[in-house]
Every structure is written in structure tokens, then in C-alpha cells.
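Novice: Take a look at the following structure, please.
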Amino acid sequence: MNLQFEQWIKAQNFPEEALSLIEEGINCYKIGAYRASFLMSYYFFLKVLKHRLERARDSKPDSIDQKTWYGLLTKIQDDSIWDQSVFETTQWREADGRSKVYLINSDLREDMVYWRRKRNDCAHSKDNIISYPHVEAFWLFIQSNLSKFIVNGGREGLLNKIEKHFDPKYTKPGQDHSFIIEQIPLVVQSNEISNLLKDIDTILEDQSTFLYIDDKDDVYYAFWKDIAFSTNKEINESFIKFITSDMDFFVEFITVYPEKLLSCANNEELIRLFWKEEFFKRGVRGSDEFWNLAITLLNNKLIPEEEVDTFVRKLSMKGSRRELTSEQITILRQYGFFKHIREFLFIDDRLTQLHNGYNNANSNASLIIFYLENEDLDDKVVARLNSLLYSLRFGTFLNKFEIFIEKNPNFSKLFKESVERQNLTLAPIFQEEDEDEDIQDDE
């Protein structure tokens, strides 16, 4: 009979000297020798830790001096004291409670004391009953926590692990990175995490492709997303501190994870500089999240009320309109978005200037069509367009406009009604349209 724990052991990669102990522990369990089973399981656990300490010979934890470290490595080679020496490493701690040796918290350190007492009960034949629940509970502890007993090589050790994890020469792309994120608050003090994130960013950006976190299908995007939205409060707050420490960082990350913008709202100076100076530069304006960020700024009143109109006017002139959704258009309309386009195109006589009207129409052809697609006609707009179209015979705007009226037959009807209402002479393009309809009727 294969136990679930037995199957788990076979799926792991433990050193041979440790495997022989746990195999004996499993066999003892199967025949009801639970004290022996617990002892073998306990020594298996310590053998794995011993192996990890030996492998970390050249990357000692920062909190341990060189003499103490080499003294420890010598002690764990002594068969008479190795187990006690390894156990003691689980209890060494800093003044703030962090483990000096492993990436574990205080709860796990206290758990080790409990299991040590159970080991003593087994080894010294004390009166306390040891049965299968104790063995199974310890096995569950092993399965849940053995992976956390990683020798803390310190800040530099973690950075080396990150560099190797994301280097395809050493690690297959897409491998789980959660263990790295879990180690971050264990390696440095909470007030140092934001600086550690800067170092991580430098490493990953240097070895990434051109897109880095902008590629949502890549490992770097997923890694930083898990940091940005970590359930660990220290990591989450440190991420905000990291990206708000510098405008370049802020633009780089907020345009990829726009949901974090409100978390940065307390930094009023940065937010103001962002929407006033950076928002219409290439880094933000060219991002996929440009409109989401703009709407977040507006809806959450991050822009002073008296300055909203100026900001929206810039949006109407400089934003990439092809990316707008119908929902976003509805929201922007509430802030006077189309009012500014109307003023720019139709109120300032831009399209009816004697010598530049045609050029202005061609250079703003997409903006004109965008306005007509989303706003109702009014007499002022009709008058300006009719005047422009009256003598227009070629050009980018005319081509786009012809396609537009072909797709929107009701537009021509409303346009003609407005022209008639204003006693204007209808532009030839609409007269030709009527003639075409008459020919089709005759046929």
C-alpha cells in the first residue's frame, strides 16, 4: 500500500542519506512502530536541513559572522552532535524575531521546538503516548513547510536566485515564482523592501526583452503583477513606495498596472506632476491604459475641479481615439470631451479659413469623422461642414467623409434638414447623392 506521503516523497528530490531514513520511517509506520517511525521522520527532516546548510557553504546568511558559520559547518559533520547542531539553527533569531538562518517565521521556529519534544518522547521512552496521529501530523508539517526552510543567503542571495530563476539557461520559462515573492519580507527589513524591489527591477529589465512588463503574456508581467497585488501587506505597500519613488518607475509600472493608481493618490505632488507634465508624453500617451488612467484621474477627483477642463481639452486633442470604448466615450462626454472637439473644429473657423481650410480638414480628417460618429448634428456644425464641402473635390477628408455618409444614411437626411432650416445652399456632394438616388429609382 502506497501512502499519500510516500507518493509525495517519491516526487521530490531529496538527498540519498535523507531518503533512506524516511523510507525506514514509512516502513515502521506500516507495521505500527510509531515511535520509531516518528524518530526516522524527524531525522529525515534534519538530514534535509543539513544537506541545505552544506550546499550553502559559500553563501552564508548575512546575519551570521564567518567564524560562526564555519564552526556550524564543522559541527554538522560530527555524528555525535549533528542533529542537535542542525536543530539549533532553526532557533537562531535576530532581535526583531526573524530567523538568522532560514526563510521562516517565528511560528515555524516554535513548531520545531514542539516536534523536538516529541522526538525526545520517542527517544527516551517517556510515558507520553506516541501513535499514528503524531506521525501523520509531522508528515503534514513536512509537506507544508520543508520548502520554507531555505538557507537565507541574504539580500544578495535572493537577487542571485531571482536572476537565475528568470534566466532560461538555468530555469525553464514559466516556472512558479511564488517562492521568491514569499522570501522578500524574510530577507530584508520591511522598510528596505522597496529598495530591494528596485534592485530586482534592474536585474529583470536588463535580462528581459524590449517589452519587459508591457508584454502581458511574458513571465515578467506575471511576476510584477503578483507583487503589485500581493496579499502580503508589507510587499503591497513597499511596491507602492517603490514605484512612487521616481517618476520613471511610476510611469513604467502605472501604465501596465493602472489599478494601482488610486493606491498612490496620497502622494499628491507625484500625482500632480504625473497628469500635468507626464501624461501627454510618449510613455503614457502611447500605452494601452492611457484612457483608463485618464478616467481614473477624472472620476476620482485627482485633478482639481478648476483644472479639469484644461486637462480634458488636452485629452480631446492628443489622445489616441482609436482605442476608446463606447463606455469610455460615455464617461468622457460627461466631462465636456466633445465640447472641446467641437470648439476646435467648428467654432474657431478652422475649416472655413480662406487658404488653410482644406489643409486643416485633411490634417484633422479622423478627428472630424470621430466627432460626427459620436455626437448629434447641430446647425453650427452643419454650416461649417457645408461651407467646407461646397467646393471640396478631393483629399483625405473628402474620402473619409464619403465613406462615412455611405455607412450612415440618416446623417445626410439630418444634414439636409439643417441646411434647409438655415437657408443655406446645399454642398454638391449631397446634391450628387440625390441624383444617384433618382437614377436608381428610374432604373
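Novice: Could you tell me which residue of region 23-32 is surrounded by the fewest Cβ atoms within 10 Å (Cβ to Cβ), considering only residues that are more than 14 Å from residue 136 (Cβ to Cβ) and not charged (D, E, K, R)?
Specialist: If we take residues in region 23-32 being more than 14 Å from residue 136 (Cβ to Cβ) and not charged (D, E, K, R), then 31 is surrounded by the fewest Cβ atoms within 10 Å (Cβ to Cβ).
Novice: Being more than 20 Å from residue 365 (Cα to Cα) and exposed (fewer than 14 other Cβ atoms within 10 Å of the Cβ) is the filter here, so list the residues in region 310-324 that pass it.
Specialist: Across region 310-324, the qualifying residue is only 310.
Novice: Name the single residue that is modelled with the highest pLDDT among those in region 39-84 being surrounded by 15 or more Cβ atoms within 10 Å (Cβ to Cβ) and β-branched (Val, Ile, Thr).
Specialist: Restricting to residues being surrounded by 15 or more Cβ atoms within 10 Å (Cβ to Cβ) and β-branched (Val, Ile, Thr), the top hit is 76.
Novice: In addition: Please name all residue pairs, on different chains or six or more residues apart, with Cβ atoms under 6 Å, provided the first residue is in region 128-141 and is among the hydroxyl-bearing types (Ser, Thr, Tyr) and the second residue is surrounded by 12 or more Cβ atoms within 10 Å (Cβ to Cβ).
Specialist: Taking only residues 6 or more apart or on different chains, the pairs are 131/34; 132/34.
Novice: Regarding residue 149, is this residue aromatic (Phe, Trp, Tyr) and either farther than 26 Å from residue 232 by Cα or touching a Cys at 6+ places or on another chain (Cβ under 7 Å) (or both)?
Specialist: No; evaluated as a whole, the condition is false for this residue.
Novice: Then there is this: Within region 113-132, can you find the residues that are of a type in the set (A, V, I, L, M) and not in a helix (DSSP H, G or I)?
Specialist: 129, 130
Novice: Next question. So which residues in region 65-89 are in contact with a helix residue (DSSP H, G or I) (Cβ under 8 Å, 6 or more places away or on another chain) and farther than 27 Å from residue 27 by Cβ?
Specialist: 72, 73, 75, 78, 81, 85, 89
Novice: Might you check whether a residue that is under 26 Å from residue 413 (Cα atoms), among the hydroxyl-bearing types (Ser, Thr, Tyr) and not in a loop (DSSP other than H, G, I, E, B) occurs anywhere in region 345-355?
Specialist: No, region 345-355 has no match at all.
Novice: Assess whether residue 145 counts as being in a helix (DSSP H, G or I), polar (S, T, N, Q), farther than 23 Å from residue 51 by Cα and under 28 Å from the mean Cα position of the chain (by Cα).
Specialist: In short, no.
Novice: Answer yes or no as to whether residue 384 is loosely packed, with under 12 Cβ neighbours inside 10 Å, of a type outside the set (Asp, Glu) and not assigned by TED's automatic domain parsing to the domain that holds residue 310.
Specialist: no
Novice: Among (1) within 21 Å of the chain's Cα centre (by Cα); (2) closer than 23 Å to residue 335 by Cα, there is one condition residue 267 misses while meeting the rest; what is its number?
Specialist: (2)
Novice: Using the structure shown, decide if residue 176 is surrounded by 14 or more Cβ atoms within 10 Å (Cβ to Cβ), of a type in the set (Asp, Glu) and either closer than 25 Å to residue 237 by Cβ or modelled with pLDDT of 95 or more (or both).
Specialist: no
Novice: Which of the residues that make up region 195-214 are surrounded by 15 or more Cβ atoms within 10 Å (Cβ to Cβ), at pLDDT below 95 and either charged (D, E, K, R) or on the phi > 0 side of the Ramachandran plot (or both)?
Specialist: Scanning region 195-214 gives 212, 214.
This table checks each residue for (1) of a type in the set (D, E, K, R); (2) under 24 Å from residue 8 (Cα atoms); (3) exposed (fewer than 12 other Cβ atoms within 10 Å of the Cβ).
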residue	(1), (2), (3)
110	yes, no, yes
118	yes, yes, no
145	no, yes, no
162	no, no, no
182	yes, yes, no
186	no, no, no
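Novice: Here is a follow-up. Select, from 243, 193, 200, 235, the only residue that is within 29 Å of residue 270 (Cα to Cα) and free of Cβ contacts under 8 Å to residues at least 24 places away in the same chain.
Specialist: 243
The values are calculated or read from the model by the stated rules, or taken from the named source; none is laboratory data. Nothing here was measured: the structure is a model prediction, and the numbers come from that model. Heads up, the Cβs are rebuilt from the backbone with ideal geometry, glycines too, and the neighbour counts pull from every protein chain shown.
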